[in-house]
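Beneath this line is the structure, given in structure tokens, with notes to follow.
The values are calculated or read from the model by the stated rules, or taken from the named source; none is laboratory data. Being a predicted model, the structure only gives us computed values, none of them experimental. All Cβ positions, even for glycine, are placed from backbone atoms using ideal geometry, and neighbour counts span all protein chains on display.
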Amino acid sequence: MKTSNNSLRFLPTTFILVGIPGLEAEHLWISVPFCLLYIIIFLGNGIILHVIRTNAALHQPMYLFLAMLALSEVGVSASTLPTVLGIFLFGNTEISFEVCLFQMFSIHSLSITESAVLLAMSLDRFVAIHNPLRYTAILTLPRVFGTGAIIGLKSIMLMAPFPILLQHLPFCGHNILSHSYCLHPNLIHLSCGNISVNNIYGIFIVTSTFGLDSLLIVISYVLILHTVLGIATGEGRKKALNTCGSHVCAVLAYYVPMIGLSIVHRLGHHVSPLLQAMMANAYLFFPPVVNPIIYSIKTKEIHRGIVRMLSEKRPRV
């Protein structure tokens with residue numbers, strides 16, 4: 001431990017990460033499904049990105065936002081991979097204070113990016129259904145890329161204060177985390193100092209990003225449904241709603257585990273460590289595993305692109 005001479009603040013040089021509580025003896029076997037999950041995440045999202053990049057017909061707002069979502073999900077998974085596999089494969093449970101802060105910053109900032117991209121995708125669907133004739137005029141490529149840049153910059157700026165605030169908190173010897181990676185709610189619960197500033201800013205982040213994004217997504221879909229109900233033919237309504245199916249699944253895959261984890265963190269000691277670990281893993285692993293599968297199956301253009309890519313690589317007899 002290191003201390004500050006002026007305020008006698010105790011800062012841990014390392015934190016201790018936890019795998020699956022109660023199943024420590026089985027960690028090597030548990031590493032197998034985690035390795036498979038990472039393979040699915042990187043391969044699935046990588047294929048989505050490759051198909052969009054190499055197919056000029058997919059250089060449209062809907063698919064460019066999908067590429068941004070895939071990139072952010074790959075980023076979140078890459079941030080957790082060193083510590084998760086380090087624990088389950090090699091039993092390495094220690095992480096330095098500085099690396100822990102960087103991992104926390106990466107996970108949360110990329111999660112904010114995911115939420116904002118999901119909102120952008122819902123607005124994209126609203127414009128496409130409500131005003132299809134002006135769709136390309138409203139959502140031009142410069143605006144799409146500009147939106148992506150603003151989302152990334154906003155995520156970084158919102159998360160930047162957290163590492164600074166955590167460096168000014170005393171931990172008084174408490175350094176055992178509840179997960180296989182560093183999350184802000186878990187870190188502040190270890191502090192023995194006043195965490196009111198962290199809590200207030202954390203609530204501001206949640207309400208101004210996840211809360212506002214989810215509210216605007218709901219509003220956009222209310223407007224989409226209102227527009228769809230105004231379409232004369234049943235076939236036209238079905239076609240319009242089908243374009244939103246994949247996005248609705250992606251929204252549910254992202255927000256349901258996040259809400260579950262938030263509830264678990266609020267309950268704190270009243271919830272078993274095993275449930276906390278399972279919910280935290282569901283929050284970080286479920287969306288990047290499920291979304292490539294959803295879009296590969298339900299989005300015809302992506303499905304065709306994948307089939308074309310596989311057929312081109314198949315050796316000819």
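Please work out which one of (1) more than 20 Å from I302 (Cβ to Cβ); (2) of a type in the set (V, I, T); (3) at pLDDT 95 or above is the condition T83 fails and give its number.
(3)
Go through (1) assigned to a helix (DSSP H, G or I); (2) surrounded by 20 or more Cβ atoms within 10 Å (Cβ to Cβ); (3) modelled with pLDDT under 90 and name the single condition L133 misses.
Looking at each condition in turn, L133 falls short on (2).
Checking K238 against (1) touching a His at 6+ places or on another chain (Cβ under 8 Å); (2) modelled with pLDDT under 80: exactly one of these is not met. Which one?
Single failed check for K238: (1).
If the Cβ limit is 6 Å and pairs must be 6+ apart or interchain, which residue in the stretch 273-285 that is without any contact (Cβ under 8 Å) to a residue 60 or more places away in the chain pairs with which residue that is among the small types (G, A, S)?
The qualifying pairs are M279/G260.
Which of the residues spanning the stretch 268-289 are hydroxyl-bearing (S, T, Y) and assigned to a helix (DSSP H, G or I)?
Selection gives Y283 alone.
Which ones in the stretch 68-91 are closer than 22 Å to L166 by Cβ and of a type in the set (S, T, N, Q)?
S79, T80, T83
If you scan the stretch 79-106, which residues turn out to be among the aliphatic types (A, V, I, L, M) and touching a residue at least 12 places away in the same chain (Cβ under 8 Å)?
L81, V84, L85, I87, L89, I95, L101, M104
Examine the stretch 177-186 for a residue that is on the phi < 0 side of the Ramachandran plot, assigned to a loop (DSSP other than H, G, I, E, B) and without any contact (Cβ under 8 Å) to a residue 60 or more places away in the chain, and state whether such a residue exists.
No, the stretch 177-186 contains no residue that is on the phi < 0 side of the Ramachandran plot, assigned to a loop (DSSP other than H, G, I, E, B) and without any contact (Cβ under 8 Å) to a residue 60 or more places away in the chain.
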